[in-house]
1. What strands (runs of 3 or more DSSP E) completely inside the stretch 144-239 contain at least 1 residues that are crowded, with 21+ Cβ neighbours inside 10 Å and out of contact with any His (no Cβ under 9 Å at 6 or more places or on another chain)?
2. Take the residues of the stretch 634-646 that are part of a loop (DSSP other than H, G, I, E, B) and in contact with a strand residue (DSSP E or B) (Cβ under 6 Å, 6 or more places away or on another chain): which is modelled with the lowest pLDDT?
3. Got a sec? Which of Val46, Val91, Val11 is open to solvent by less than 30 Å² (accessible area, probe 1.4 Å), out of contact with any helix residue (DSSP H, G or I) (no Cβ under 8 Å at 6 or more places or on another chain), within 18 Å of Val136 (Cβ to Cβ) and among the hydrophobic types (A, V, I, L, M, F, W, C)?
4. Could we say that Pro496 is free of Cβ contacts under 8 Å to residues at least 12 places away in the same chain, away from the ligand (no atom under 16 Å from the Cβ), open to solvent by 10 Å² or more (accessible area, probe 1.4 Å) and over 15 Å from the mean Cα position of the chain (by Cα) here?
5. Residues of the stretch 314-360 being outside any loop (DSSP other than H, G, I, E, B), open to solvent by 40 Å² or more (accessible area, probe 1.4 Å) and basic (Lys, Arg), which ones?
6. I'd like the residue in the stretch 386-398 that is within 34 Å of the chain's Cα centre (by Cα) and away from the ligand (no atom under 16 Å from the Cβ) and, out of all such residues, is surrounded by the most Cβ atoms within 10 Å (Cβ to Cβ).
7. Just to check your reading of the model, which residue among Glu465, Glu419, Glu457, Glu423 is within 16 Å of the ligand (Cβ to nearest atom) and not assigned by TED's automatic domain parsing to the domain that holds Gly226?
8. If I filter the stretch 361-373 for residues that are more than 15 Å from the ligand (Cβ to nearest atom), part of a helix (DSSP H, G or I) and not assigned by TED's automatic domain parsing to the domain that holds Ile160, do I get at least one hit?
Amino acid sequence: MSIRYNAENGVISLETRGTLYQMQADDYGMLLHIYYGRKLAGEDAVRLLRYTDRGFSGNPYTRTNGRGYSADTLPQEYGGCNTGDYRVSAVSLVLADGSRGAELLFEDYEILEGKYTIPGMPYVRAGASRPQTLRVRLRDRVSGLAADLYYGVFEEEDVITRTVCLINEGTEPITLEKAASMSIDFPFAPEGGFEVMHFHGRHCMERIPERLPLGRGVVSFGSMRGMSSHHNNPFAILCAPVTTEDAGECYGFMLAYSGNHKEEFEVDQAGSTRVTAGIAQENFSWRLAPGECFFAPEAILSFSAEGFNGLSHCFHRILRRNVIPERFAGLKRPVLVNSWEAMYMDFNADKLLKLAADAKALDMDMLVLDDGWFGKRDRDDSGLGDWYVNEKKLGCTMKQLAEKVNALGMKFGLWVEPEMISEDSDLYRAHPDWAVCDPGRKPVLSRNQLVLDMSREDVQEYLFEALGRILRDAPISYLKWDFNRAVANVYSNALPKDRQGEFSHRFVLGTYALLERLAESFPEVMIEGCAGGGGRFDAGMLYYCPQIWCSDDTDPVERLEIQRGTSYGYPACSMGAHVSASPNHQTGRQTPFGLRGMTAMAGTFGYELDPGKLSDAEKEQVREQIADFRRYDRLLREGRYYRLGNHPELSDHQAWMVAAEDGSEALLTAVITHVRANGPFIRICLKGLDASAVYRVAAYRISGVTFEKTAVGETYGGAALMYAGISLPLLYGDYPSVQIYFKKER
Ligand code: DGJ
């Protein structure tokens, strides 16, 4: 049983393989957060609760529990608002009489087998796991607002999911102004105080970890861009100052949501830390008529006592097995060639077929036709919304093109950007009111385009029909679903004026509804998410799209940072990564072909260049890379990914590895980011191997120059590889790299 209720003291315990999460419904009805961390051998942690009279922290009116009893000082599981807890609240609302209070007190609970679901939104699926669900009902007795707190307990996976359903069981409407997905209080901090790691960035440099000590007050991260954003990913880690990649305690909080979000970290007067995450409060309101309910997006929580790598493994595993659509979870991903950096919008069917034939000759699996094939679209200032094929430009129909690509033995994929509209488009001329813009203003332009109002059902219907027509008409195996600007001027012509605060969330729900319908109608089509690179790289999109284009920056040296940052929360098999041309189109940097291949293999692997322009030697490398990728495919998709060594800013190299869960094989990659004359030797300690086994070096690739012999066939003990490590050969040239494949021999 992973969920237990202790009738004697009201403690509810959620247990996973390595963690315990406890709350207590006390006599007054407060639902107190007791503990989250390592298991306690069957005990509870209620004795940690302390009561004291802190001045200016008031008490519930009945005062039955004395002056030491205060919503402001006790650790809350999901506190109310305007009822004496002055910390960051989980909810905020306005009642029909204008008052703004809710005291959410325990009413009942139930334990259910299986996993709850969330209507219209992504969630961690039960899949092949055996989760249990806890539902705790809190209620504000004055307004009749009920809050059903849901917890999904994934025992084997060491994951707890949370969501909240707010239900108006009163007789008057209630306007929600905040409805967090989760809130949790940690009354005690580790020695030195908590630190938070968040993942910030910008276009072409997403998910860069930044680790900050938490001082008194509130620190928050989030996005108001109508998308989870390049700028702040909806994932954060709370840890101790001593936590490293491989040791120490840390908590991860991830939202399965793709819109505006906020993660708040507050250290209060007594040093207690509150973490709250959910839809951003700014510009949000939601009107709940009597009988209506509102579900917050799901939050995914995990705890590791084995450092950040341990935490990453929990998130990787749950995303791979329980979030990504089941039909793609165990599927080999196609090695694709994408037309974007190969020819941008300058193509026709002949050029594309040549690209496909050249790619096929090098053993690639799929051609993806990127932006520029529809409406009037030779530049980025027109055509979006006109999802009909520009046969004049192509020189044939899409069906003909796709069939010819198929005849070459290649699959065919297509780029779309459904949620956008160009002013210069037939769609805009017919439906200017479908573009997002608030009345009387000129809209903010970004990449010369406007945003379609996805909150409208007629817009969703139009897109479903338009995309369905294309998918039915031609043999298309894959869609790249792009989103190339942030939302501004939020307003919907289809919503009444007192419901405009619902727009941003309804927009996201509209996108999810469209993705869901397409998945139902075209289950075999794989959708790769994209938002100007990785601007919507989140568990919400992964629920529909098994992989997401990680960044528009395809420079392998930059990618080292981007992919490393992304790996804290997200598995390698979700990161779209391609070998691109050198000099790189974003940075102008020249890099070796080998490095580009090894870096792309830390993701889904593909090519973003014209293979016809490669030299014979490079073509040979492509063949080798693809053969390597196919050989390692399963290991890369299902193995445990480890970040090795120092944070890249502190060292001249970067290394990572993937080890099979059973320790039977492992692939190590190391890149020298700064070659130094007469530099120090580099030693790398491997992880995740079987200490008592013997491993053979089954493949050893070097990109760069070395005067040493590579060591294929050498054997090492697992313990020696992990504790003594291996020392890399001295490497010269620009960004040399090595990839070593170990196979367990006995
Ligand atoms: C942004 C994407 O990230 C690129 O890969 C490419 O598809 C362009 N959009 C096309 O407009």
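1. Working: elements: 145-154, 159-168, 174-186, 195-202, 205-213, 217-223, 232-239.
Once the strands (runs of 3 or more DSSP E) in the stretch 144-239 are filtered for at least 1 residues that are crowded, with 21+ Cβ neighbours inside 10 Å and out of contact with any His (no Cβ under 9 Å at 6 or more places or on another chain), what remains is 145-154, 159-168, 174-186, 195-202, 232-239.
2. Applying the first criterion (part of a loop (DSSP other than H, G, I, E, B)) to the stretch 634-646 yields 639, 645-646.
Those left that are additionally in contact with a strand residue (DSSP E or B) (Cβ under 6 Å, 6 or more places away or on another chain): 639, 645.
Details: Gly639: 97, Gly645: 82.
Checked the stretch 634-646; the qualifying residue modelled with the lowest pLDDT is Gly645.
3. Val91
4. Details: free of Cβ contacts under 8 Å to residues at least 12 places away in the same chain: yes; away from the ligand (no atom under 16 Å from the Cβ): yes; open to solvent by 10 Å² or more (accessible area, probe 1.4 Å): yes; over 15 Å from the mean Cα position of the chain (by Cα): yes.
So Pro496 fits the description; yes.
5. Hits for the stretch 314-360 are Arg317, Arg321, Arg327, Lys351, Lys354, Lys360.
6. Met398
7. Glu419
8. Yes, because at least one residue in the stretch 361-373 is more than 15 Å from the ligand (Cβ to nearest atom), part of a helix (DSSP H, G or I) and not assigned by TED's automatic domain parsing to the domain that holds Ile160.
The values are calculated or read from the model by the stated rules, or taken from the named source; none is laboratory data. Since the model is a prediction, treat every value here as computed from it, not as a measurement. Note: ideal-geometry Cβ built from the backbone for every residue, glycine included; neighbour counts use all protein chains shown. SASA here: full protein model, heavy atoms, side chains in, ligands and nucleic acids out. Shrake-Rupley method; radii C 1.70, N 1.55, O 1.52, S 1.80 Å.
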